[in-house]
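What follows is one structure encoded as structure tokens, with my remarks underneath.
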Amino acid sequence: MNTGFLYVQLHSLTVFRALLDDPVIAALCRFLGTPSSDTAEAVSAYAAFVAEVYNTGAESFAEYVQGLVNDDENAYIRLIGKGEQPPAEMERCAQAEFDILQTVADLTADELCAELAWSGYLPAFPVGKVDLAGDYAMRCANVGRYGYGMYAKHRMFYVSPENKIVPVYHPDRTRLSSLVDYEREKQIIVDNTVALLEGKPAANILLTGDAGTGKSSTVKAVVNELHDRGLRILEVRKEQLHAIPSILDSLSSNPLKFILFIDDLSFQKDDDNFSALKAILEGSVSTKAQNVVVYATSNRRHLVKETFSDRDGDDIHRNDTMQEIISLSARFGIHITFQKPNKQTYLDIVQHLAAERGLQYDPDELALLAERFALDKGGRSARAAKQFVDGLTTAEN
């Protein structure tokens, strides 16, 4: 093959130009750009390329290239994500680049080494067969399900101290099947989230109740169940609420659906973040996004900490003040309460988790140990049940 020609072709990439920054593709370009007559440099560049391929852990080089193409965030896919047709010239450019990248994906060690004047050993790399253009067309047709860029590769995100959206590389993998009881509460959240995914009106949800009852776990479990339908979750801390309008602006044109998740929410009476969240929930002109809902958890029903002096204070319009304090909860369309489990529910959770872990215990002994653990922890809860079973698992291992 003509390595010099492929080198020039790769550097002509426009729509997929960001792929040139990938370490594997960059190493391939260095090899393709090294004259085969310079045997030592060419052999070294080839070995460096194969080392990069090995480092990816991919099943084949072809599948790695396919992943790069599918996950790339570029002007072409962003237009499609907005429901717009790319200009004709951009369309021609993308199709031409699929041909170039297909040639790259089909490369074998024998083809790359054919021009080297070297009789020593050179390692091969795993190869495969992919259809880049066909697979990409399918993903474009279902962009609301697959997404693009980092949203194609990850399902959970958080907002960094610099107010940037960052992927969670090791997300919580809890599934709904692992959460015992609270069937009615879980179903309400699932139904509302499915409505969001189907483009129907969906409400913001406030989940309140005792600590450790599984409010946060339920939200994350719903994401794990529905992420393959185009659902993502973005966790935001209370002190970052002022950054949400700009974040929502960036998400509003994304074809995916998002849960804006605020965990353990509560405010002091004079907290500046109070007004910021009210604006988000009200859906003002600058913050409204049809593909985003807010799910918040709190151990407090009314979210704003109040005292008896707040109720009996000297505010002339005391009723207006109290209404302002409790109004935030009312701005959530759905309010779900997670009650602390009774004894039987707590033991059911323990038995379920122990069975999932393959722990073999006499049911009566397990119940006695679990009750003793709950007493030491200050009460029964789903969290206490999980911590108890985690301890048993650690002891078994």
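Scan segment 93-132 for residues that are small (Gly, Ala, Ser), within 31 Å of the chain's Cα centre (by Cα) and surrounded by fewer than 16 Cβ atoms within 10 Å (Cβ to Cβ) and jot them down. Steps first, answer last, please.
Initial filter on segment 93-132 (small (Gly, Ala, Ser)): 94, 96, 105, 109, 114, 117, 119-120, 124, 128.
Then drop every residue that is not within 31 Å of the chain's Cα centre (by Cα), which leaves 94, 105, 128.
Of everything in segment 93-132, just one residue is small (Gly, Ala, Ser), within 31 Å of the chain's Cα centre (by Cα) and surrounded by fewer than 16 Cβ atoms within 10 Å (Cβ to Cβ), namely Gly128.
There is no residue in segment 19-38 that is part of a helix (DSSP H, G or I), out of contact with any helix residue (DSSP H, G or I) (no Cβ under 6 Å at 6 or more places or on another chain) and in contact (Cβ under 8 Å) with a residue 40 or more places away in the chain. Lys129 - would you say it is in the same structural domain as Leu68 (by TED's automatic domain parsing) and of a type in the set (Lys, Arg)? Yes, satisfied.
When you look at Tyr76, is it closer than 30 Å to Asn291 by Cα, at pLDDT 95 or above, part of a helix (DSSP H, G or I) and touching a helix residue (DSSP H, G or I) at 6+ places or on another chain (Cβ under 7 Å), yes or no? Write out each step before concluding.
On the way: closer than 30 Å to Asn291 by Cα: yes; at pLDDT 95 or above: yes; part of a helix (DSSP H, G or I): yes; touching a helix residue (DSSP H, G or I) at 6+ places or on another chain (Cβ under 7 Å): yes.
Answer is yes for this residue.
Kindly indicate which of Ala203, Ala195 is assigned to a loop (DSSP other than H, G, I, E, B) and surrounded by fewer than 19 Cβ atoms within 10 Å (Cβ to Cβ). Break it down into steps so the answer makes sense when it comes.
On the way: Ala195 fails: assigned to a loop (DSSP other than H, G, I, E, B).
Among Ala203, Ala195, only Ala203 is assigned to a loop (DSSP other than H, G, I, E, B) and surrounded by fewer than 19 Cβ atoms within 10 Å (Cβ to Cβ).
Of all residue pairs spaced 6 or more apart or on separate chains, those with beta-carbon atoms under 7 Å, a first member in segment 379-397 that is farther than 14 Å from Leu369 by Cα and surrounded by 14 or more Cβ atoms within 10 Å (Cβ to Cβ) and a second member that is modelled with pLDDT of 85 or more and of a type in the set (A, V, I, L, M) are Ala382/Ile349. When segment 214-247 is filtered for residues that are in contact with a strand residue (DSSP E or B) (Cβ under 6 Å, 6 or more places away or on another chain) and outside any loop (DSSP other than H, G, I, E, B), the ones remaining, listed by number, are Lys215, Ser216, Val219, Val223, Leu231, Arg232, Ile233, Leu234, Glu235, Gln240.
Only one of the numbered conditions (1) more than 19 Å from Leu234 (Cα to Cα); (2) in contact with a Gly (Cβ under 8 Å, 6 or more places away or on another chain) is not met by Ser178, and that is (2). Only one of the numbered conditions (1) farther than 15 Å from Tyr295 by Cβ; (2) over 20 Å from the mean Cα position of the chain (by Cα); (3) surrounded by 16 or more Cβ atoms within 10 Å (Cβ to Cβ) is not met by Pro171, and that is (2). For segment 206-223, the count of residues that are free of Cβ contacts under 8 Å to residues at least 40 places away in the same chain and under 30 Å from Lys377 (Cβ atoms) is zero. Residues in segment 43-71 that are charged (D, E, K, R) and at pLDDT 95 or above: Glu52, Glu59, Glu63.
Does segment 107-118 contain at least one residue that is more than 22 Å from Gly147 (Cβ to Cβ), free of Cβ contacts under 8 Å to residues at least 40 places away in the same chain and among the hydrophobic types (A, V, I, L, M, F, W, C)?
So in segment 107-118, the residues more than 22 Å from Gly147 (Cβ to Cβ) come out as 107-118.
Checking which are free of Cβ contacts under 8 Å to residues at least 40 places away in the same chain leaves us with 108, 110.
The next check asks that each one be among the hydrophobic types (A, V, I, L, M, F, W, C); those that pass are none.
Within segment 107-118, none of the residues are more than 22 Å from Gly147 (Cβ to Cβ), free of Cβ contacts under 8 Å to residues at least 40 places away in the same chain and among the hydrophobic types (A, V, I, L, M, F, W, C).
The values are calculated or read from the model by the stated rules, or taken from the named source; none is laboratory data. It should be emphasised that the depicted structure is a prediction, and the values quoted were computed from it without experimental measurement. Counting neighbours? That spans all protein chains shown, and the Cβs are built from the backbone with ideal geometry, glycine included.
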